[in-house]
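A.B. asks: My questions all concern the structure below.
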Amino acid sequence: MFWSIRSTCQQGLTLGLVALMPLFSYAACSRAILVPVASTGQSVIIEGDTIKGIYPDLLRSVSDKEGCTFNFTAVPRARLEVLFETGRADVLIPASKTPKRDAHGVFVPLIQNRAMLISLQSNRAPIGSAQELLEQSNLRVALVRGFDYGPAYQELVAALERQGRLILQVDGLSVARLLKAGTVDATIMAPSIVAGAMQDDERVRDLITSLRFESLRELPWGTSGAYISNRSLSAEDKAALQVTLERAARSGVVWKGFQQYYPPAVLQGSIRPLSP
């Protein structure tokens, strides 16, 4: 009995010291962290062999200071989820928190955001819920394959598909081009993604000032950030990455990155810093 009590106390002391370590030590990773990414507005910009944007800039900025280095590779968006679920990606970024992803990794929130219904300015009556959108059977909707804003979003996607009104695309730019061509009437995503894609392409850049943003009741404010793999990383590297990302979120550098890359009109109502 005495041994059991002493052992329990020792375990408690060890856990306590581990919990305190982030308070007085810098993170350090035992190897380079694998980060496959796909083009996502100004959050991730891929130009040939160059990968930049808010989140690559963020990870590079903390690399030297925190002792973790990151290797980026460009992949199709639809492949990102598969790589993360099978343990071939150490970090999934940017990513919204979902139950499906929770099964494969630890989520670290970096920013608050929400998906919105996005269309071009028109005299159409306002839409404030998923049901109202479903009732507007004449509106064609384009979404990006692999995007996930939670269960309510997935239910809406399934309903639109059943109605035959859904067109899936590979990225935000493809959706923007369909909006300009009149092939579709609306999309649902974080406004920064589609606006960011428009900023970088002169063929659709003129649409930015004509966008109409509407919040849907079923898609409230949530958090966007990064998932750290449960499968591909050691416990020590997982802890180091979590410390690194949490420290970056507290510093406000993520919000500053969005302010640097986007005009205020795009951020208003769709992106905000984490609550203190």
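A.B. asks: Only four residue types carry charge here, +1 at the Cβ of Lys and Arg and -1 at the Cβ of Asp and Glu. Report the dipole size of the chain about the Cα centre in Debye, rounded to the nearest 20. All intermediate terms of the calculation are to be shown ahead of the outcome.
C.D. replies: Details: 29 positive and 25 negative charges, 43 e Å.
Here the size comes out at about 200 debye.
A.B. asks: Could you tell me what percent of the DSSP beta bridges with both partners in region 116-214 are antiparallel, to the nearest 5? Can you show the working numbers first?
C.D. replies: On the way: 8 of 14 bridges.
Once the DSSP bridges in region 116-214 are tallied, antiparallel ones form about 55 percent.
A.B. asks: Using DSSP to call loops (not H, G, I, E or B), can you name the trypsin sites (Lys or Arg not before Pro) in region 177-267 whose Cβ has at most 13 other Cβ atoms within 10 angstrom?
C.D. replies: Numbers: sites: Arg177, Lys180, Arg203, Arg205, Arg212, Arg217, Arg231, Lys238, Arg247, Arg250, Lys256; in loops: Arg203, Arg217, Arg231.
Within region 177-267, the qualifying trypsin sites (Lys or Arg not before Pro) (loop, at most 13 other Cβ atoms within 10 Å) are Arg203, Arg217, Arg231.
A.B. asks: A follow-up question, please. Determine the calculated [θ] at 222 nm for the chain from helices alone, applying -39500 (n - 2.57) to every DSSP H run no shorter than 4 residues and normalising by the residue count; nearest 500 deg cm²/dmol.
C.D. replies: Values: 11 runs with 116 residues, N = 276.
Computed ellipticity for the chain at 222 nm equals -12500 deg cm²/dmol.
A.B. asks: Turning to a different aspect of this structure: Where does the chain land on the Kirkwood hydrodynamic radius, alpha-carbon pairs, in angstrom? Before the final figure, lay out the partial values.
C.D. replies: Values: mean 1/r = 0.0500 Å⁻¹.
Evaluated over the chain, this radius sits at 20.0 Å.
A.B. asks: Amide H of Gln42 versus every other amide H placed in the peptide plane: which residues, excluding those fewer than 5 positions away on the same chain, fall under 5 Å?
C.D. replies: Those lying under 5 Å, H to H, from Gln42 are Gly196, Ala197.
A.B. asks: Do you know the relative contact order of the chain, to the nearest whole percent, from alpha carbon pairs under 8 angstrom that are 6+ apart?
C.D. replies: 29 percent
A.B. asks: Identify the chymotrypsin sites (Phe, Trp or Tyr not before Pro) of region 123-183 meeting these criteria: DSSP loop state and at most 10 other C-beta atoms within 10 Å of the C-beta.
C.D. replies: Values: sites: Phe147, Tyr149, Tyr153; in loops: Phe147, Tyr149.
Passing sites in region 123-183 do not exist.
A.B. asks: Could I ask something else about it? Take each uninterrupted DSSP H stretch in the chain, measure its Cα extent along the helix axis, and return the ones at 15 Å or beyond whose mean Kyte-Doolittle hydropathy is at least -0.5. Walk me through the intermediate numbers first.
C.D. replies: On the way: long enough: 2-24 (33 Å, 0.94); 54-66 (18 Å, -0.55); 151-162 (17 Å, -0.06); 235-251 (24 Å, -0.45).
Span-like helices in the chain: 2-24, 151-162, 235-251.
A.B. asks: Can you pull out the trypsin sites (Lys or Arg not before Pro) in region 26-83 that DSSP calls coil and that have at most 12 other Cβ atoms within 10 Å? Display every interim value, and only then the final one.
C.D. replies: Working: sites: Arg31, Lys52, Arg60, Lys65, Arg77, Arg79; in loops: Arg31.
Filter output for region 26-83: Arg31.
A.B. asks: Let me ask another. Taking amide hydrogens as modeled 1.01 Å from N in the peptide plane, which residues meet the under 5 Å criterion relative to Met189, leaving out close sequence neighbours?
C.D. replies: Amide H neighbours of Met189, under 5 Å, 5+ apart: Met116, Ile118.
A.B. asks: So, one more: Dividing the alpha-carbon Rg of region 212-276 by 2.2 N^0.38 Å yields what? Please list the in-between numbers first.
C.D. replies: On the way: Rg = 15.2 Å, N = 65, 2.2 N^0.38 = 10.7 Å.
So the Cα radius of gyration is 1.41 times the expected 2.2 N^0.38 Å.
A.B. asks: Next question. Using the Cα centre of region 116-214 as origin and beta-carbon charges of +1 (Lys, Arg) and -1 (Asp, Glu), tell me which of Leu143, Ile118, Val184 is placed farthest towards the positive end of the dipole.
C.D. replies: Val184
The numbers here are math on the coordinates, done by the rules we state, and not lab data. Here the structure is a predicted model, which is why all the values come from computation and not from measurement. When we count neighbours, we look across all protein chains shown, and the Cβ atoms used for this are built from the backbone with ideal geometry, even at glycine.
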